[in-house]
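The values are calculated or read from the model by the stated rules, or taken from the named source; none is laboratory data. All figures in this text were calculated on a predicted structure; none of them were measured in a lab. Because the Cβ atoms are built from the backbone with ideal geometry, glycine has one as well, and the counts that use them run over all protein chains shown.
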Amino acid sequence: MPPVDPRVVVLAGVFGAVLGSFLNVCVYRWPRNESVVRPRSRCPGCGAPIAWYDNVPVLSWLLLRARCRRCGAPISVQYPLVELAVGVIWAGAAWWFGPSGAGLGAALLATIALGVALTDARHYLIPDEFSLGGLGLGLAVSFLPGGLTPVEAVVGAAAGFALLWVVKAAGDWALARGLIRGEELAQVLEAGETPTTLGMGDLKMMAMVGSFLGWRGVLITAFLGSLSGVLVFLPLLLARRRAPVPFGVFLAIGAVAALLFGDPLLQWYGALLMKGR
Ligand SMILES: [Zn+2]
């Protein structure tokens, strides 16, 4: 692979930081069913519209020392962190894959995964804009050279949806038969709600992941996502602290891990199988 022009990497990083600024708006407004186009961003403290020079990714937050220019209301550190993270994602994807379909797909998937993780952690929901919108992007990117083919993207999306549908169906069946019990379940039933193991948001999100990573990536994402979820929530369960599980957060972690380590992991597993014969 020829070395990537450093200017391309820098340009991708700057574009990523600007996209991160937009992602901040999406993460805040989509769960509230607000438009991300208008109104313009305003200070939550004094309501003043934020000027473009106070909205430069990362730099403005540093120059303003994390406070609104007019009223001095504090600005969350989440804003520059997300901008920085998406900048690093896009620079990293450009550096690793070069300007190609694979690079664009990796950058988009990691950006969407970050958005899903932030909204699911805070609101326990995955906006359709991320899952279905991301699915559309994944299918579109597959038409570019250097990544999945469109057929592989469609098969991956179907595999992602189907895999979690089976898990959900089995889990809900077990719930309905009373095979799963617990204090939390009793509360759900008391509230007159139908108990469920996985939300539709998780299913749509995995269809999105499949459109970027194909069916193998779906399996790795589900495996690594479940593993990281268990590692985080087992100590909580053992400590008898009840906490609802934002599964999308762990699927997002799994998807990024599959993106980074999917190929070496499959090679290692393949070698392991060969040895076992
Ligand atoms: Zn203000």
Pairs needed: first member in the range 72-88, of a type outside the set (F, W, Y); second member anywhere, outside any helix (DSSP H, G or I) and buried (at least 20 other Cβ atoms within 10 Å of the Cβ); C-beta distance under 6 Å; at least 6 residues apart or different chains. E83/P57
Top-ranked residue in the range 88-131 [being closer than 16 Å to I253 by Cα and hydroxyl-bearing (S, T, Y); ranked as surrounded by the fewest Cβ atoms within 10 Å (Cβ to Cβ)]: Y124
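Could you count how many residues in the range 94-140 are among the aromatic types (F, W, Y) and under 18 Å from L213 (Cα atoms)?
Narrowing the range 94-140 to residues among the aromatic types (F, W, Y): 95-97, 124, 130.
Next cut, under 18 Å from L213 (Cα atoms) only: 96-97, 130.
Residues flagged as among the aromatic types (F, W, Y) and under 18 Å from L213 (Cα atoms) within the range 94-140 amount to 3.
Which one of these is at pLDDT below 95 and touching a Leu at 6+ places or on another chain (Cβ under 9 Å): P3, P57? Before you say what the answer is, go through the steps one by one.
On the way: P3 fails: touching a Leu at 6+ places or on another chain (Cβ under 9 Å).
After applying the criteria, what remains is P57.
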For S76, are the conditions met, namely being under 22 Å from the mean Cα position of the chain (by Cα) and either loosely packed, with under 14 Cβ neighbours inside 10 Å or of a type outside the set (D, E, K, R) (or both)? yes
Looking for whichever is part of a helix (DSSP H, G or I), at pLDDT 95 or above and loosely packed, with under 15 Cβ neighbours inside 10 Å here; the options are G136, G156. Which one fits? G136
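Counting residues that are more than 16 Å from the ligand (Cβ to nearest atom) and closer than 30 Å to A257 by Cα, which helices (runs of 4 or more DSSP H) fully inside the range 1-114 reach at least 3?
On the way: elements: 6-29, 59-63, 78-97.
Answer list for the range 1-114: 6-29, 78-97.
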